[in-house]
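Have a look at the structure below, then the notes.
The values are calculated or read from the model by the stated rules, or taken from the named source; none is laboratory data. Model, not experiment: these values are computed from the prediction. No Cβ is skipped: glycine too gets one built from the backbone with ideal geometry, and neighbour counts run over all protein chains shown. Heavy atoms of the whole protein, side chains included, go into the accessibility calculation; ligands, DNA and RNA do not. Shrake-Rupley method; radii C 1.70, N 1.55, O 1.52, S 1.80 Å.
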Amino acid sequence: MKILGIETSCDETAAAVVEDGCKVLSNAIASSVDLHQQTGGVVPEVAAREHIRQISPVVDQALADAGCQWKDIDAIAVTHTPGLVASLLIGVNTAQTLAYIHKKPLIPVHHIAGHIYSNFLEREKPPVFPILVLTVSGGHNELVLLKDHFQFEVVGETLDDSAGEAFDKVARMLGLGYPGGPAIAKAAESGNPEAFQFPRAYLDKNNQFNFSFSGLKTAVRTAIIHTTEGEDMNPRQLNRRVVNDISASFQMAVVDVLSDKLIKAAKYLKAKEVHLAGGVSANQLLRQVVSEKLDKNIPIHYPKNLSYCTDNAAMIAGAGFFQAEKGMTKPTLHIEVKSQSSLAS
Ligand code: KG4
Ligand code: ZN
């Protein structure tokens with residue numbers, strides 16, 4: 001079964017063709033990241049306008065790269081929540097129109113389900129459930145137990161910021177640009193992770209699998225203010241060594257919390273596999289530390305390709321296949337678009 005996936009929840013305009021949930025035939029992405037670099041973050045109106053410009057060429061490219069014509073496509077899967085509403089609407093309206101014209105069933109996919117299914121792309125061995133997934137990006141930060149295909153239990157989530165959001169805001173304070181994750185990881189390569197003692201929010205017993213990164217963000221802000229002697233937080237006053245040390249110390253604090261909670265939850269929930277997903281799963285230190293700490297009998301998976309970590313449409317087409325197998329396609333053309341919605345609802 002060949003599914004065309006469409007993803008426009010944030011600043012990436014993406015379309016892909018995936019066969020049977022795993023075989024990626026094409027994965028086209030047009031990013032408007034260079035526009036958002038000028039503003040230090042995503043401006044929703046700018047992102048939506050770029051989606052309008054890019055969506056048709058990107059869909060055409062996905063079909064051409066896959067060597068497919070419309071008659072070869074069995075269904076269209078599209079991200080319908082959560083995300084920026086104006087951005088989601090472009091993808092959903094496009095998918096609805098194409099489904100109507102070409103008479104294809106529609107599969108509305110939850111964005112986080114898409115990230116979770118990024119680990120099934122190019123996977124050869126059958127999965128062993130239950131699988132514990134740490135899915136971490138700019139917009140979400142969750143621990144999800146996948147009991148079977150499309151049976152999600154959210155066992156932990158952030159009480160405030162996601163780790164990706166913290167990476168982006170800290171990078172901005174340090175003058176490292178957007179997106180922050182790759183920039184901080186690069187600066188951290190030349191920094192000392194013990195130079196600054198940043199807090200790790202492991203939280204109380206009732207929140208043992210929940211996360212909080214707002215305190216860490218504030219601690220970095222305070223460190224910058226002290227380093228610049230109370231001046232106005234102008235990153236140009238920070239020397240390169242301090243930027244690298246703050247980056248390394250911050251990254252270590254995030255990775256300590258994410259990995260500790262993941263390992264503890266995997267043990268407690270008797271997970272048979274552990275998966276990392278979402279933009280932050282591209283982080284090499286996170287992958288390394290989780291691999292080192294995890295029981296060697298539990299296999300760890302992260303997306304086979306770095307482009308499957310950040311937003312892409314292959315993961316939406318992949319998730320759409322497993323969702324369709326459960327009979328969860330939409331016979332109607334009315335898809336509800338929501339900026340917020342839980343995976344478990
Ligand atoms: O999944 P994604 O593309 O978008 C959302 O669903 O939000 O994730 C983007 C996030 C950004 O916050 C970005 O800074 C972060 O993923 N990210 C990273 C890395 N690459 C991207 N964070 C840490 N290390 C990285 N190498
Ligand atoms: Zn995402």
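Among the residues that make up the range 164-187, is at least one of them of a type in the set (A, V, I, L, M), open to solvent by 10 Å² or more (accessible area, probe 1.4 Å), farther than 24 Å from A113 by Cα and near ligand 1 (Cβ under 9 Å from one of its atoms)? There is at least one residue in the range 164-187 that is of a type in the set (A, V, I, L, M), open to solvent by 10 Å² or more (accessible area, probe 1.4 Å), farther than 24 Å from A113 by Cα and near ligand 1 (Cβ under 9 Å from one of its atoms). Residues of the range 4-43 that are over 17 Å from V78 (Cβ atoms) and β-branched (V, I, T): V24, V33, T39, V42, V43.
Cβ-Cβ distances below 9 Å connect the following pairs, each with a first residue in the range 303-316 that is closer than 20 Å to E273 by Cα and more than 9 Å from ligand 2 (Cβ to nearest atom), a second residue that is of a type in the set (D, E, K, R) and part of a loop (DSSP other than H, G, I, E, B), and a separation of six or more residues or different chains: P303/E122; K304/E122; K304/R123; N305/E122; Y308/E122. D74 meets each of the listed conditions (1) open to solvent by 40 Å² or more (accessible area, probe 1.4 Å); (2) at pLDDT below 95 apart from (2). Annotation note: of A248, A271, the sole residue that is of a type in the set (A, V, I, L, M, F, W, C), in contact with a Leu (Cβ under 8 Å, 6 or more places away or on another chain) and modelled with pLDDT of 95 or more is A271.
Out of A266, A248, one residue alone is within 27 Å of L143 (Cα to Cα), more than 16 Å from ligand 1 (Cβ to nearest atom) and either outside any helix (DSSP H, G or I) or of a type in the set (A, V, I, L, M, F, W, C) (or both). It is A266.
Looking only at residues that are in a strand (DSSP E or B), among the hydrophobic types (A, V, I, L, M, F, W, C) and within 16 Å of ligand 1 (Cβ to nearest atom) in the range 1-14, which one is farthest from Y308 (Cα to Cα)? Here the residue is I6. Could you grab the pairs with beta carbons closer than 6 Å, sequence gap of 6+ or different chains, first residue in the range 116-133 and within 25 Å of Y268 (Cβ to Cβ), second one of a type in the set (D, E) and open to solvent by 40 Å² or more (accessible area, probe 1.4 Å)? Within 6 Å, the pairs are F129/D148.
Within the range 279-299, the residues that satisfy the criterion of being within 17 Å of G181 (Cα to Cα) and out of contact with any Cys (no Cβ under 7 Å at 6 or more places or on another chain) are V280, N283, Q284, L285, L286, R287, Q288, V289. So the check is Cβ under 8 Å with 6+ separation or different chains; which pairs have a first residue in the range 185-208 that's β-branched (V, I, T) and a second one that's buried (at least 17 other Cβ atoms within 10 Å of the Cβ) and part of a loop (DSSP other than H, G, I, E, B)? Qualifying pairs under 8 Å: none.
Tell me, please, whether a residue that is without any contact (Cβ under 8 Å) to a residue 12 or more places away in the chain, in a strand (DSSP E or B) and away from ligand 2 (no atom under 16 Å from the Cβ) can be found in the range 134-151. Yes: the range 134-151 contains one or more residues that are without any contact (Cβ under 8 Å) to a residue 12 or more places away in the chain, in a strand (DSSP E or B) and away from ligand 2 (no atom under 16 Å from the Cβ). Out of S9, S31, S87, one residue alone is among the small types (G, A, S) and out of contact with any Pro (no Cβ under 9 Å at 6 or more places or on another chain). It is S31. Every listed requirement among (1) assigned to a loop (DSSP other than H, G, I, E, B); (2) crowded, with 21+ Cβ neighbours inside 10 Å is met by N119 save one, (1). Looking at this structure, is S9 touching a Leu at 6+ places or on another chain (Cβ under 9 Å), touching a residue at least 12 places away in the same chain (Cβ under 8 Å), hydroxyl-bearing (S, T, Y) and away from ligand 2 (no atom under 16 Å from the Cβ)? Against the criterion (touching a Leu at 6+ places or on another chain (Cβ under 9 Å), touching a residue at least 12 places away in the same chain (Cβ under 8 Å), hydroxyl-bearing (S, T, Y) and away from ligand 2 (no atom under 16 Å from the Cβ)), S9 does not qualify.
Every residue, every condition in (1) within 16 Å of ligand 2 (Cβ to nearest atom); (2) part of a loop (DSSP other than H, G, I, E, B); (3) within 30 Å of D74 (Cβ to Cβ), yes or no:
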| site | (1), (2), (3) |
| --- | --- |
| A271 | no, yes, no |
| L285 | no, no, no |
| Q288 | no, no, no |
| S291 | no, no, no |
| E336 | no, yes, yes |
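Look at (1) touching a Lys or Arg at 6+ places or on another chain (Cβ under 7 Å); (2) of a type outside the set (S, T, N, Q); (3) surrounded by fewer than 20 Cβ atoms within 10 Å (Cβ to Cβ) and you find that V17 fails only one, number (3).
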